[in-house]
Amino acid sequence: MGLHGDETAPVRWRFANAEYSERNHELVVAGEPVALEPKPLEVLLCLLRAEGELVTKQELFDTVWAGRVVTDGVLSQAIRRIREVLGDADRSMVRTVHGYGFRLDVPIEIEGRDDPGTRLELESGQSLPNLPNWRLEERLQTRPANELWR
């Protein structure tokens, strides 16, 4: 899954005791606005867009620090700052997958992502455009950025 998804509509993300609004770049934790620097905020947004899936260190470097040479320490500092503002002292929200990357390990609610003009309307029995011999059998999972089918 790509990290960017559909970025045309402003999105509000709700997770744990926090809420992030892409419209005004505001992060609210436990009902209070909190200041988070731009790069850690971009890392958090990448984790939100991945919706509980692993985001590799390389994906974060390529997205947040595109074209710049940075060390693992820079990413570690951003993750440390995210954990600090979220109150994630036990590292249960932002999980480290050692050697690979990070995952936001909390339920995420998304408001404002669905744009009826770009939403896929898939149904059981449909064939795939480039694979006419393949048929969608059963929807296994639906997320705002993708669907998983058998």
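Between Asp105 and Ser92, 0.36 nm times their residue separation minus their Cα-Cα distance comes to what?
Taking 0.36 nm per residue and subtracting the Cα distance, the gain is 4.0 nm.
Any idea of Glu32's accessible area? Nearest 10 Å², probe 1.4 Å.
In the full protein context, Glu32 sits at about 120 Å².
Put Tyr100, Tyr20 in order of accessible area, largest first, 1.4 Å probe: what do you get?
The ordering from most to least exposed comes out as Tyr100, Tyr20.
If you place +1 on the Cβ of every Lys and Arg, -1 on the Cβ of every Asp and Glu, and leave all else neutral, what size is the dipole of the stretch 12-67 about its Cα centre, to the nearest 20 Debye?
Once rounded to the nearest 20, the dipole reads 40 debye.
Where a ≥ b ≥ c are the square roots of the eigenvalues of the C-alpha gyration tensor, would you call the stretch 17-76 rounded, which needs a/c under 1.5, or, failing that, prolate if a/b is larger than b/c, or oblate?
Prolate, because a/c is 1.5 or more and a/b exceeds b/c.
In terms of modelled amide H atoms, which long-range or inter-chain residues lie less than 5 Å from the amide H of Val11?
Excluding prolines and chain starts, which carry no amide H, the hits are Glu22, Arg23.
Using a 1.4 angstrom probe on the protein heavy atoms only, could you order Ile82, Ile108 from most to least accessible area?
The residues order as Ile108, Ile82, largest area first.
The values are calculated or read from the model by the stated rules, or taken from the named source; none is laboratory data. Predicted, not measured: the structure shown is a model, and the values here were computed from it. Heads up, the Cβs are rebuilt from the backbone with ideal geometry, glycines too, and the neighbour counts pull from every protein chain shown. Just the protein is used for accessible areas: all its heavy atoms, side chains included, with ligands, DNA and RNA removed. Shrake-Rupley method; radii C 1.70, N 1.55, O 1.52, S 1.80 Å.
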